[in-house]
Every structure is written in structure tokens, then in C-alpha cells.
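Chemist: Pasting a structure below so you can have a look.
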Amino acid sequence: MSKEYSFTGTVKDVLGVQEVGSNGMKKNTVVFTVKDGEYENDLAVDFMKDKAEKADDLNVGDSVEVFFNVRSNMASGGRWFTNVNGWKWNKVGGNDPSY
């Protein structure tokens, strides 16, 4: 099953590039504030591999359209984890490139 999801939100924080696992995989988590009607929610999105370093170009306050996938995996002990993995973004209202 493959479905494209997207939202437009404001960058709240960029946590920076981290190495995860023993194979040198890179990840950068970016937190976005997303308005849902009258409510605001924060959503952490992981950008992996080459997108991890490019996500450092995002700045707090940027308005961004984000495209992502949702994936769930079961860890040992039967606990489930859900990840939001971003694969593309466009800054809204600017001339900056998309990634």
C-alpha cells in the first residue's frame, strides 16, 4: 500500500543530523506546527539519508509543504512504533528550492 500524504506547517525546531544504527544512516528530525481548524498540533518528521543534511536548510518560522509516508514496525516485546518519514518539501511563498 502506497499513499502520498502532505501537510503545510511552520517549522518549530530542526533537531540536527544524527547517525542512527551501525551502518552510518543519517537522520534529521524536524518539528512542524500544523493548524487543524482552530487547534495547533506539533508533528515530528524524520528526514533520512541525503534529505537529512538538506533539512538543516529549514529555519524556524519557515512555512513548508511537507510530503511524507507513515510506517509502523513492531519492536521486541510486541510494542509498536510509528514513524513519519518525510521525502520532499517545498517552502511556501518563497523562491527557495524544493527537496
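Chemist: What about residue 60, is it exposed (fewer than 15 other Cβ atoms within 10 Å of the Cβ), part of a loop (DSSP other than H, G, I, E, B) and β-branched (Val, Ile, Thr)? Explain how you work it out, then say what you get.
Modeler: Working: exposed (fewer than 15 other Cβ atoms within 10 Å of the Cβ): yes; part of a loop (DSSP other than H, G, I, E, B): yes; β-branched (Val, Ile, Thr): yes.
Yes, satisfied.
Chemist: May I pose another question? Could you please let me know if residue 45 is within 15 Å of residue 15 (Cβ to Cβ), touching a Gly at 6+ places or on another chain (Cβ under 7 Å) and in contact (Cβ under 8 Å) with a residue 12 or more places away in the chain?
Modeler: Criteria met by residue 45.
Chemist: Considering (1) over 19 Å from residue 7 (Cα atoms); (2) touching a strand residue (DSSP E or B) at 6+ places or on another chain (Cβ under 8 Å), say which one residue 44 fails and leave the rest.
Modeler: (1)
Chemist: Quick check: anything in segment 69-77 surrounded by 12 or more Cβ atoms within 10 Å (Cβ to Cβ), touching a strand residue (DSSP E or B) at 6+ places or on another chain (Cβ under 9 Å) and touching a residue at least 24 places away in the same chain (Cβ under 8 Å)?
Modeler: Yes, that holds for at least one residue.
Chemist: So which residues in segment 1-24 are hydrophobic (A, V, I, L, M, F, W, C) and within 15 Å of residue 86 (Cα to Cα), if there are any at all?
Modeler: In the first step, residues of segment 1-24 are kept if they are hydrophobic (A, V, I, L, M, F, W, C); the result is 1, 7, 11, 14-15, 17, 20.
Listed by number, the residues that qualify are 7, 11, 14, 15, 17.
Chemist: Here is a further query. Test residue 51 against the criterion of being among the basic types (Lys, Arg), in a strand (DSSP E or B) and under 19 Å from residue 87 (Cβ atoms), and give yes or no.
Modeler: No.
Chemist: State which residue pairs qualify: first residue closer than 28 Å to residue 93 by Cβ and acidic (Asp, Glu) and inside segment 7-34, second residue loosely packed, with under 15 Cβ neighbours inside 10 Å and at pLDDT 95 or above in any location, beta carbons under 9 Å apart, and separation of 6 or more residues or different chains.
Modeler: Correct list of pairs: 13/42; 13/44; 13/60.
The values are calculated or read from the model by the stated rules, or taken from the named source; none is laboratory data. It should be emphasised that the depicted structure is a prediction, and the values quoted were computed from it without experimental measurement. Cβ: placed from backbone, ideal geometry, glycine included. Neighbour counts: every protein chain shown.
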